[in-house]
Structure formats: C-alpha cells, structure tokens
Amino acid sequence: MPFVVDDDDFRRQDFDRFDDRDRFELDMRNRENEERRRRDLEQRERDEDDRRALSVAAEKELTSVLEKATSEEMRMIVNDPTLRISSRGRITRKRPSGRDVIRSSGQFAMQGFDLPTRKPRKKNKKHCSNLSQCLRQANSELRTKRGTLRKGKTQADIMRRAQRLLKKMK
C-alpha cells in the first residue's frame, strides 16, 4: 500500500480556531466600514442638497437679504470662496483646507527681509579650488587637442584621475 500524505497532516491543530484577536480585528474592520459608509452618505446628501434648486420661500428671503446688502458687502460675498448657499437658502461657510490654513498663517511667507547668508568655510573653499585645478589638469591629460576624450577613456576616468591628483597635492 503506497504512502499517502494529506494537507491535513501539515495543518496545525488550532488551524480553524477563532480567537479574540481575530474577533477584535473583525470588529475594527466592521467599525471602519460603517464609518466610511456614514461619511459617504453624508457627503452624498450634501452634494444633493447643493444641486437642488432653491425653494420659493428661500429664494425670496435670499433676494430680500441681498437687496439690503451694500456694494462692498456684495463684493465680499461674491469674492469669498468659502461662502456657500445651500438649497434652503442658508449662507454657510465651508471649512478651509489644510493647505489654505497654512497659506493664511503666513508662517512660510517672505517677511520682507533677506535671510542671512552663511559664508563658506575656508577649508571647503580651498578644497573646491584645488579640485577644480586638478580637474583641469586631468581633463588636459585625458583629452585630445580637439577636446574629445581619448579612446577607451570616460568621464569617470577623468574624475578618478582628478581625485588621485588631489590626494597627491595634500
């Protein structure tokens, strides 16, 4: 009789056990799904509310209020992107986005003066000038009179040569 191996032989004894951790994760997922559904429903209701035409009473009330407004108030109402008029005729203000809050805080705006520039370190300045001198020399050695790279040489070879020359210079 041949030896038969089932998948059950390799499965743990507690394979199909449902423990508290699984129950907690399932509850969390259900809670998140419910929260997401509720937010979507609220957003849908708000969108439908915005698309719906003004009722007759709301339209009359809105026109009477707008007729009383001065030209300066009217200009502010028209140009303010945060104002909304709901289908019931209520003028509400929508919350600004996080980006708008940051912009209006002025934290990252120019203050009207230049920031102080830091002077480069002398050591760094000396190193850069020495490296540029070594690069000039390495370029002249590895290029032809016409300025093309010699056969078999690359820009990496030029940089290696310049670094070697810089090391010798120290």
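Output the qualifying pairs, or none if there are none: Cβ atoms under 9 angstrom, residues six or more apart or on different chains, first residue in the range 147-166 and under 11 Å from GLN137 (Cα atoms), second residue outside any helix (DSSP H, G or I). So the pair list comes out as ILE158/ARG143; ILE158/LEU149.
For the range 134-159, the candidate set comprises residues that are of a type in the set (Lys, Arg) and in a loop (DSSP other than H, G, I, E, B); within that set, the residue that is farthest from the chain's Cα centre (by Cα) is LYS145. Here ALA162 fulfils each of the conditions (1) open to solvent by less than 100 Å² (accessible area, probe 1.4 Å); (2) in a loop (DSSP other than H, G, I, E, B); (3) modelled with pLDDT of 80 or more apart from (2). Helices (runs of 4 or more DSSP H) fully within the range 29-126 that include at least 3 residues being at pLDDT below 75 and open to solvent by less than 100 Å² (accessible area, probe 1.4 Å): none found.
The values are calculated or read from the model by the stated rules, or taken from the named source; none is laboratory data. Every value quoted in this text rests on a predicted model; they were computed, and no experiment measured them. Ideal geometry is used to build each Cβ from the backbone, glycine not excepted, and the neighbour counts take in all protein chains shown. To get the accessible areas, we keep the full protein, side chains included, count just its heavy atoms, and leave off ligands, DNA and RNA. Shrake-Rupley method; radii C 1.70, N 1.55, O 1.52, S 1.80 Å.
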